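Chemist: Take this structure first; my questions come after.
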Amino acid sequence: MRFLRPHTWAEALGAKAEFPDALPLMGGTDVMVDVNFGRARPNALLDLTAIPELRTWAPDGDALRVGAGVTYARLVSELADRLPALAAASRTVGSPQIRNRGTAGGNLGSASPAGDAHPPLLAGGAEVELESVRGARRVAVEEFFAGPKRSVLEPDELIAGFRARPATGPQYFAKVGTRNAMVIAVCSFALALRPGEGVGTGIGSAGPTPLRAYAAEEFLAGELADRWEKRDALPGPVIGEFAELVAGAARPIDDVRGTADYRAHVLRVLARRTLTWAWADHCEGGAGCA
Amino acid sequence: MTTDIERVTGTALDRVEGRDKVTGLARYAYEYPADDIAYVVPVPAAIARGTITGIDPGDALAVPGVLTVLSFRNAPPLAGNDPELRIFSSDRVSYRGQMVAAVVADTLEAAAEAARLVHVGYDAEPHDVLLRPDHPEAYVPEKVNPSFPAVSEQGDVEAALGDAAVTVDTTYTTPAYHNNAMEPHATLAVWSGDRLTAYDSNQGSSTARDMLAAAFGLEPGQVRVVSPHVGGGFGSKGTPRPQIVLAALAARAVGRPAKVALTRQHMFAVTGYRTPSIQRVRLGADASGRMTALAHEVEEQTSTLKEFAEQTAVPSRMMYAAPNRLTTHRVVALDVATPSWMRAPGECPGMYALESAMDELAVACGLDPIELRVRNEPEEDPESGLPWSSRNVVACLREGAAWFGWAGRDPAPGVRRDGRWLVGTGVAASTYPARRRPSEATARATADGRFTVRIAAADIGTGSRTALTQIAADALGVPPERVDVRIGDSALPTASLAGGSMGTASWGSAVAMACVRLRERLDGAGGEVPEDGIEARYDTADDIKADAAYARHAFGAQFAEVRVDPGTGEIRVPRLLGVFAAGRIINAKTARSQFIGGMTMGLAMALLEESVPDAEFGGFLNHDLAQYHVPANADVANIDARWIEEDDPHLNPMGSKGIGEIGIVGTAAAIGNAVHHATGVRFRDLPIRPDRVLDRAPQIGGRNL
C-alpha cells in the first residue's frame, strides 16, 4: 500500500490526479476502521492532515467557508453561534477523542446515510466544494450523495470544504440512538428556520442517503409565510402535517439498529419536537435569531 | 511483631499496582518480549455447519514472511477433554467462526494478509442457530453448571398453583450476551525443549497450566503460565480459550516463540458467551401474598461440540419460601459455539426472571414489592434445609428503601409525568453464592523486615492483589507497605480461578492462614527472622470441607428510577442504588467499583446488550463494540452502592463473601419493574429497546407527545 502525504493543497490535488484510487484520509475515524476491519483495501492512502489550509474557516461574502479538515470539536467550540445545528450534531459524534479527530469533511467523504453532520448541512442549505487539477466546483449537499456511502465525487476530486450561510433563525438537531453517547444514529433530523425566507430540513439514517424533506419544507414555508412577523402559536394540525410529511420523505429499512417502522415513527416525533422548539425560540426572538 | 496496628482490611487502600497500570509499566500478555517472535492469525470458519473439503494454503504461503499454515491437514493431534480446545482436530465445522486454520508469519501484517488468502472449501449442511420455544430437539441435561441437578421438585406445584388465591404465569426471554473484556484474549508461547511457557490473559494460571499440560501430553511441571495483569475476563477467561493452544501449537510448529491476539470480532465467535434463555415462571400465593408454589422452567442452548447448560433456575431453589417448588432446565444443541460462563451464570438471567415475576405477584396481590419479599423469607435454605450462614436480604431491602426514598411510593403504574417523560421506580432482590475452592499459599519473612506472599491467584482488574495485601498485612500484624503479594504465575502455589466470586475468599483463606502459621513460626523463633528467611505454607483443602454445613450466600437489593419517553421509546436511568450484605468488605474502594461495575452491566442487560444471531450464516451479526452496545458514561447517571456489614463466623478467616458478581444480579429486574411502574406495561423480553417500547405504545398513555 502506498502512503501519500502532501503538504500543500496543490500537491494533494496532483497526487489525487496521479493516483485516483488513493483513499483520502483526514481524521481516520471511518477510514482506519475500514482498513483495520479489512473492509477497505486501498492501493494508496492520501493523508490530508498536513495541509494547513484545510483546517481553516472564514466568512466569505454572506456565507461561511469551512475547510474539510475542521474537526467536530472546533465546530462546537468555534462555530456554535453561526452553525448551531451543525454544532449540536457535532456534539453527538463519538467520544471526545473522536471529535478531536473527526471532521465534517470526512463525514461527507464517507457519505454514510447515518453521518451526523449531514442533516444540519442539508437543513442549512450548504454546498460542498470539490476540487481537482481540472478545477473547482460547488455541489448542493442534497446533490452530493449518490447512494449508500457513495457521492458524486469524481475519482480525481477531493473535498476542499463546505459553504453554508450562518443561521438567521433557530436551528435544531435531534438524534435517537440506542445509548446516550458514542452511538450511530438510529435516525436523526435537523431543522433550520430562516425567518421571512423559508425552512430547511435534513433526515439522517432513514434512507439510502441523507435526505431533505422537500414537501415538508414547502408546506411549512407556506404556513409560516404570514406568521414570521406575527409570532403566534403554531396550530397543532400544522405541526402534525409537517411531521407526517417529514416521515413520508424517509425511505427507511430494518437493520440491526432499528426497524423501518420505528424510524418513521421517531422521525415524526423528532420533526414535531424540533419544530415546536424552534418556533418557540422564534416567538421569543430567542437565541437562534442572533 | 506488633498487634496494635490498625486493621487495614476494610479501608479504601489504593490498588497496589495502580501506578504501574496508569503509567503503562504493568505488562499484559501480548506485551511480553521474546526473541524472534512469530505471529499467528487464525482463519475463522465461514459456515455454521458442515465439512471442510479442502484447504489450499498456496496463496497464503506465497506471502513474503509466511512460515506455515496450520490446519487439520498438518496439525498434530491434541489431547485434553475440551473439544473447543482441540483445534484443527477434524474436518468438521460446528459453528461459524470456529478456527479452521491459522497462518504463522514473521510479522503480524503478513499473517493477517495471508489469513485472508487461505482458501477453505466447505461442504455446508443446513444449520440451526436459533433458540426458540418448544424446540423439538430440546432435552433435559444430566446436570447444569457446574454440577447441579437439572430438575428439582418439592411438593406438588401443579396442585398448589391450582389452589392458589393469586397466581402469576409469565414467560421472560433474555438474548445471548458476550463477555467483552477490554483486553482481548492473547498469548505468547515459548518452548524450551519440552518445557512450555505461556504469557497469557486468563482468570487462573494454575487452571491454564493444567489444561495446556493435558492438551500437549505434558506433566504440569513442564508448563508455566504467566499472567500478572489481566484486563478483565467476566468469565470468558475462566475456561482457557483456543488462542492459548494455538500459540503453543504454532510455536512448536515453527520452532520460535509465537504470539496470538484475537480480534474483537473473532472474540465473539471463540471466547464464550451467555446462552439466550426462555424462562417460564409460575408463582402461586395465598391472599396475604405468602407463596405456596414456585415453578421456574428454563429453555436454553448449548452446542453440538460439548454440553454447557447454564444453571438459570438455580436461584429459584433458595431465594424464597414456598412449600411446592419445581425448577427445570432443558437445552437444545445448536450449530453455535459452546456457551460458557459469563457474569454471574445462573443467578444473573435467573434472578431477572424470578424478580420480575415477584414484582408481577406484588401487583397481583396489591402488596408493596418489598413487603411481598419480606413475607416470603425462608427460615433456612428451602432446598437443603441447611441453616443460612447469614442472610440479610430484608435488611438490604429496608435500608435501601430508606436511602432510596421508597416510602410513600404510589404503586399505581403509568401515572407519573415530568414533561414528556413517564417516571417510575422499581426494586429487586439480589443474591450470589459465597463459595470457596481449595488453594495454597506461602508466606515468607525476610531479614529486611519484609514479607512475601505467594499464590497463583489472578487479578483481572478486580483489585484482588490489593485485597490479598490487606488480608496478609492484618494476618501478619504489619502495615501493608511491608508486604509483597506475588500472584498471576502458575509457578506459585496452586490456586483456584478468579471466577464464581470465589477468588478473594479462596485465596484470602490460604493467605491469611499461611500468614498466621508464619507468625506462629516467628513467635517460636523468638521473633527473630533468620538470615535466610522463614516461611510457612497453608493448603485450605481440608478447611473447605466444613463449608457444606451452612447455606452460604451474599444478598442484596437493587433500586432503580427510570424515565421513559413515550414518543421515542427511549429509557433513561437517572438513579440506581444497590445495597449489599456480603460479609466483611475487604477494600472499600475496589468493592465499590465491583458493585457499581456489576450494576452498570445490569443496566446494560436491561436496556442495551444483545448478541443478535445471524440466522442465515451462523455466528452473530453485531460482532463489534460499535454495534454491541455497553453503556457509555452518559447512560449511567447517579449510581450508588452501599453495604451492610455482616459478622458471619461461618465463612472464612476474613468473614467475607464474594462481591464480583452480585452487582449484576437483580439490576435488570429492578429496571424492568421500574419501567412497568412508569408505563403500566410489562416488558418481558430483554433488552427493553426503544422499538419494543413503541410496539406497545398504544398501551402507554400519551404516545403522540
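The values are calculated or read from the model by the stated rules, or taken from the named source; none is laboratory data. Quick caveat: nothing in here was measured; it's all calculated off a predicted structure. Here the Cβ positions follow ideal geometry from the backbone for every residue, glycine too, while neighbour counts run over all protein chains shown.
Chemist: Since B:Ile662 meets every condition but one in (1) in contact with a Phe, Trp or Tyr (Cβ under 6 Å, 6 or more places away or on another chain); (2) within 14 Å of chain A (Cβ to nearest Cβ); (3) crowded, with 21+ Cβ neighbours inside 10 Å, which condition does it not meet?
Modeler: (2)
Chemist: Does region A:173-193 contain at least one residue that is more than 14 Å from every other protein chain (Cβ to nearest Cβ), part of a strand (DSSP E or B), touching a residue at least 60 places away in the same chain (Cβ under 8 Å) and polar (S, T, N, Q)? Before the answer, list the steps.
Modeler: Residues of region A:173-193 more than 14 Å from every other protein chain (Cβ to nearest Cβ): A:173, A:190-193.
Narrowing the set further to residues that are part of a strand (DSSP E or B) leaves A:173, A:190-193.
Filter once more, so that each one left must be touching a residue at least 60 places away in the same chain (Cβ under 8 Å): A:173, A:190-193.
If we keep only those that are polar (S, T, N, Q) too, we end up with none.
No - not one qualifying residue is present in region A:173-193.
Chemist: Go through (1) surrounded by fewer than 22 Cβ atoms within 10 Å (Cβ to Cβ); (2) at pLDDT 95 or above; (3) out of contact with any Ser or Thr (no Cβ under 7 Å at 6 or more places or on another chain) and name the single condition A:Arg39 misses.
Modeler: (2)
Chemist: Looking at (1) in contact with a Gly (Cβ under 8 Å, 6 or more places away or on another chain); (2) surrounded by 17 or more Cβ atoms within 10 Å (Cβ to Cβ); (3) of a type outside the set (Val, Ile, Thr); (4) part of a helix (DSSP H, G or I), which one does B:Ala353 not meet, given that it meets all the others?
Modeler: Only one criterion is unmet by B:Ala353, namely (1).
Chemist: In addition: Quick check on my filter: what residues within region B:207-230 are closer than 19 Å to B:Ser439 by Cβ and assigned to a loop (DSSP other than H, G, I, E, B)?
Modeler: Within region B:207-230, B:Ser227, B:Pro228, B:Val230 meet the criteria.
Chemist: Limited to region B:165-217, what total is found for residues that are touching an Asp or Glu at 6+ places or on another chain (Cβ under 7 Å), more than 28 Å from B:Cys348 (Cα to Cα) and not β-branched (Val, Ile, Thr)?
Modeler: 2
Chemist: Does A:Val246 count as under 30 Å from B:Phe620 (Cβ atoms) and either buried (at least 20 other Cβ atoms within 10 Å of the Cβ) or within 14 Å of chain B (Cβ to nearest Cβ) (or both)? Explain how you work it out, then say what you get.
Modeler: Working: under 30 Å from B:Phe620 (Cβ atoms): no; either buried (at least 20 other Cβ atoms within 10 Å of the Cβ) or within 14 Å of chain B (Cβ to nearest Cβ) (or both): yes.
The answer is no for A:Val246.
Chemist: Out of B:Ala160, B:Ala150, B:Ala105, B:Ala110, report the one residue that is touching a Pro at 6+ places or on another chain (Cβ under 8 Å), buried (at least 18 other Cβ atoms within 10 Å of the Cβ) and more than 24 Å from B:Ser356 (Cβ to Cβ). Walk me through how you get there before you give the answer.
Modeler: Numbers: B:Ala160 fails: more than 24 Å from B:Ser356 (Cβ to Cβ); B:Ala150 fails: more than 24 Å from B:Ser356 (Cβ to Cβ); B:Ala105 fails: touching a Pro at 6+ places or on another chain (Cβ under 8 Å).
Exactly one residue qualifies, and that residue is B:Ala110.
Chemist: Do you know which residues across region B:14-51 are over 30 Å from B:Leu130 (Cβ atoms), part of a loop (DSSP other than H, G, I, E, B) and over 25 Å from the mean Cα position of the chain (by Cα)?
Modeler: Once the filter is applied, which keeps residues that are over 30 Å from B:Leu130 (Cβ atoms), part of a loop (DSSP other than H, G, I, E, B) and over 25 Å from the mean Cα position of the chain (by Cα), region B:14-51 yields B:Gly24, B:Leu25, B:Tyr32, B:Pro33, B:Ala34, B:Asp35, B:Asp36, B:Ile37.
Chemist: Another question, if that's okay. What tally of residues in region B:107-130 results from selecting those that are among the aliphatic types (A, V, I, L, M) and either touching an Asp or Glu at 6+ places or on another chain (Cβ under 7 Å) or without any contact (Cβ under 8 Å) to a residue 24 or more places away in the chain (or both)? Full working, then the answer.
Modeler: Initially, region B:107-130 is screened for residues among the aliphatic types (A, V, I, L, M), giving B:108, B:110-112, B:114-115, B:117-118, B:120, B:124, B:129-130.
Filter once more, keeping what is either touching an Asp or Glu at 6+ places or on another chain (Cβ under 7 Å) or without any contact (Cβ under 8 Å) to a residue 24 or more places away in the chain (or both): B:117, B:129.
The number of residues fulfilling the criteria is 2.
Chemist: May I pose another question? Is at least one residue of region B:165-182 farther than 25 Å from B:Pro276 by Cα and not in a strand (DSSP E or B)? Break it down stepwise before answering.
Modeler: Residues of region B:165-182 that are farther than 25 Å from B:Pro276 by Cα, as a first pass: B:165-167.
In the following step, the residues that additionally are not in a strand (DSSP E or B) were identified as B:165.
Checked region B:165-182: at least one residue is farther than 25 Å from B:Pro276 by Cα and not in a strand (DSSP E or B).
Chemist: Can you name the residue in region B:275-299 that is assigned to a strand (DSSP E or B) and out of contact with any helix residue (DSSP H, G or I) (no Cβ under 7 Å at 6 or more places or on another chain) and is also surrounded by the fewest Cβ atoms within 10 Å (Cβ to Cβ) among such residues? Before you say what the answer is, go through the steps one by one.
Modeler: In the first step, residues of region B:275-299 are kept if they are assigned to a strand (DSSP E or B); the result is B:277-285, B:291-299.
Now drop any that are not out of contact with any helix residue (DSSP H, G or I) (no Cβ under 7 Å at 6 or more places or on another chain), which leaves B:278, B:280, B:291, B:297-299.
Numbers: B:Ile278: 23, B:Arg280: 18, B:Met291: 24, B:Glu297: 20, B:Val298: 29, B:Glu299: 24.
Within region B:275-299, the match that is surrounded by the fewest Cβ atoms within 10 Å (Cβ to Cβ) is B:Arg280.
Chemist: Hey, another quick one. Within region A:226-238, track down each residue that is surrounded by fewer than 16 Cβ atoms within 10 Å (Cβ to Cβ) and in a helix (DSSP H, G or I).
Modeler: If the condition is that a residue be surrounded by fewer than 16 Cβ atoms within 10 Å (Cβ to Cβ) and in a helix (DSSP H, G or I), then A:Gly236, A:Pro237 are the ones that fit.
Chemist: Return only the number of the condition from (1) in contact with a strand residue (DSSP E or B) (Cβ under 7 Å, 6 or more places away or on another chain); (2) part of a loop (DSSP other than H, G, I, E, B) that B:Ile55 does not satisfy.
Modeler: Every condition holds for B:Ile55 apart from (2).
Chemist: Say whether the condition of being closer than 30 Å to B:Ile688 by Cβ and in contact with a Lys or Arg (Cβ under 9 Å, 6 or more places away or on another chain) is met by at least one residue in region A:219-240.
Modeler: Among the residues of region A:219-240, at least one is closer than 30 Å to B:Ile688 by Cβ and in contact with a Lys or Arg (Cβ under 9 Å, 6 or more places away or on another chain), which makes the answer yes.
Chemist: From the list B:Ala541, B:Ala536, B:Ala512, which one is over 30 Å from B:Phe404 (Cβ atoms) and either in the same structural domain as B:Gly660 (by TED's automatic domain parsing) or buried (at least 24 other Cβ atoms within 10 Å of the Cβ) (or both)? If you could, list the steps in order and put the result at the bottom.
Modeler: Details: B:Ala541 fails: either in the same structural domain as B:Gly660 (by TED's automatic domain parsing) or buried (at least 24 other Cβ atoms within 10 Å of the Cβ) (or both); B:Ala536 fails: either in the same structural domain as B:Gly660 (by TED's automatic domain parsing) or buried (at least 24 other Cβ atoms within 10 Å of the Cβ) (or both).
Among B:Ala541, B:Ala536, B:Ala512, only B:Ala512 is over 30 Å from B:Phe404 (Cβ atoms) and either in the same structural domain as B:Gly660 (by TED's automatic domain parsing) or buried (at least 24 other Cβ atoms within 10 Å of the Cβ) (or both).
Chemist: Identify the single condition in (1) surrounded by fewer than 22 Cβ atoms within 10 Å (Cβ to Cβ); (2) more than 9 Å from chain A (Cβ to nearest Cβ) that B:Ala697 does not satisfy, given that it satisfies every other one.
Modeler: (2)
Chemist: Here's a follow-up. Against the conditions (1) touching a strand residue (DSSP E or B) at 6+ places or on another chain (Cβ under 7 Å); (2) farther than 30 Å from B:Pro613 by Cβ, where does B:Pro76 fall short? Just the number, please.
Modeler: Going through (1) touching a strand residue (DSSP E or B) at 6+ places or on another chain (Cβ under 7 Å); (2) farther than 30 Å from B:Pro613 by Cβ one by one, B:Pro76 breaks only (1).
Chemist: Find the strands (runs of 3 or more DSSP E) located wholly in region B:545-652 whose residues include 3 or more that are within 14 Å of another protein chain (Cβ to nearest Cβ), in contact (Cβ under 8 Å) with a residue 40 or more places away in the chain and of a type outside the set (Ser, Thr, Tyr), and list them.
Modeler: Fully inside region B:545-652 and qualifying: B:553-564, B:571-581.
Chemist: Kindly indicate whether B:Asn673 is away from chain A (no Cβ under 13 Å) and within 27 Å of B:Ser464 (Cβ to Cβ).
Modeler: Details: away from chain A (no Cβ under 13 Å): yes; within 27 Å of B:Ser464 (Cβ to Cβ): no.
Spelling it out, it is not the case that B:Asn673 is away from chain A (no Cβ under 13 Å) and within 27 Å of B:Ser464 (Cβ to Cβ).
Chemist: A further question follows. Does B:Leu262 meet the test of being outside the structural domain of B:Gly556 (by TED's automatic domain parsing), more than 23 Å from B:Glu142 (Cα to Cα), buried (at least 22 other Cβ atoms within 10 Å of the Cβ) and within 25 Å of the chain's Cα centre (by Cα)?
Modeler: Working: outside the structural domain of B:Gly556 (by TED's automatic domain parsing): yes; more than 23 Å from B:Glu142 (Cα to Cα): yes; buried (at least 22 other Cβ atoms within 10 Å of the Cβ): yes; within 25 Å of the chain's Cα centre (by Cα): yes.
Judged against the criteria, B:Leu262 is a match.
Here is a yes/no grid of residues against (1) of a type in the set (A, V, I, L, M, F, W, C); (2) part of a strand (DSSP E or B); (3) away from chain B (no Cβ under 14 Å):
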| site | (1), (2), (3) |
| --- | --- |
| A:Thr209 | no, no, yes |
| A:Ala215 | yes, no, yes |
| A:Phe219 | yes, no, yes |
| A:Gly240 | no, no, no |
| A:Arg273 | no, no, no |
| A:Asp281 | no, no, yes |
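To keep it simple, each residue is scored yes or no on (1) assigned to a helix (DSSP H, G or I); (2) hydroxyl-bearing (Ser, Thr, Tyr); (3) closer than 14 Å to A:Gly161 by Cα.
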{"position": "A:Glu11", "(1), (2), (3)": "yes, no, no"}
{"position": "A:Gly14", "(1), (2), (3)": "yes, no, no"}
{"position": "A:Pro20", "(1), (2), (3)": "no, no, no"}
{"position": "A:Leu23", "(1), (2), (3)": "no, no, no"}
{"position": "A:Thr29", "(1), (2), (3)": "no, yes, no"}
{"position": "A:Arg41", "(1), (2), (3)": "no, no, no"}
{"position": "A:Val76", "(1), (2), (3)": "yes, no, no"}
{"position": "A:Asn100", "(1), (2), (3)": "yes, no, no"}
{"position": "A:Gly115", "(1), (2), (3)": "no, no, no"}
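Chemist: Let me ask something else about it. Would you be able to tell me the number of residues in region B:455-478 that are within 24 Å of B:Val22 (Cα to Cα) and either in contact with a Phe, Trp or Tyr (Cβ under 7 Å, 6 or more places away or on another chain) or not β-branched (Val, Ile, Thr) (or both)?
Modeler: Here the count works out to 11.
Chemist: List, please: which pairs have Cβ atoms under 9 Å, are six or more places apart or on different chains, and start with a residue in region B:665-685 that is without any contact (Cβ under 8 Å) to a residue 40 or more places away in the chain and end with one that is assigned to a loop (DSSP other than H, G, I, E, B)?
Modeler: B:Phe683/B:Arg696
Chemist: Within 30 Å of B:Ala353 (Cβ to Cβ), at pLDDT 95 or above and among the polar types (S, T, N, Q), is that true of B:Ser496? Outline the logic, then answer.
Modeler: Values: within 30 Å of B:Ala353 (Cβ to Cβ): yes; at pLDDT 95 or above: yes; among the polar types (S, T, N, Q): yes.
Taking the combined requirement at face value, the residue satisfies it.
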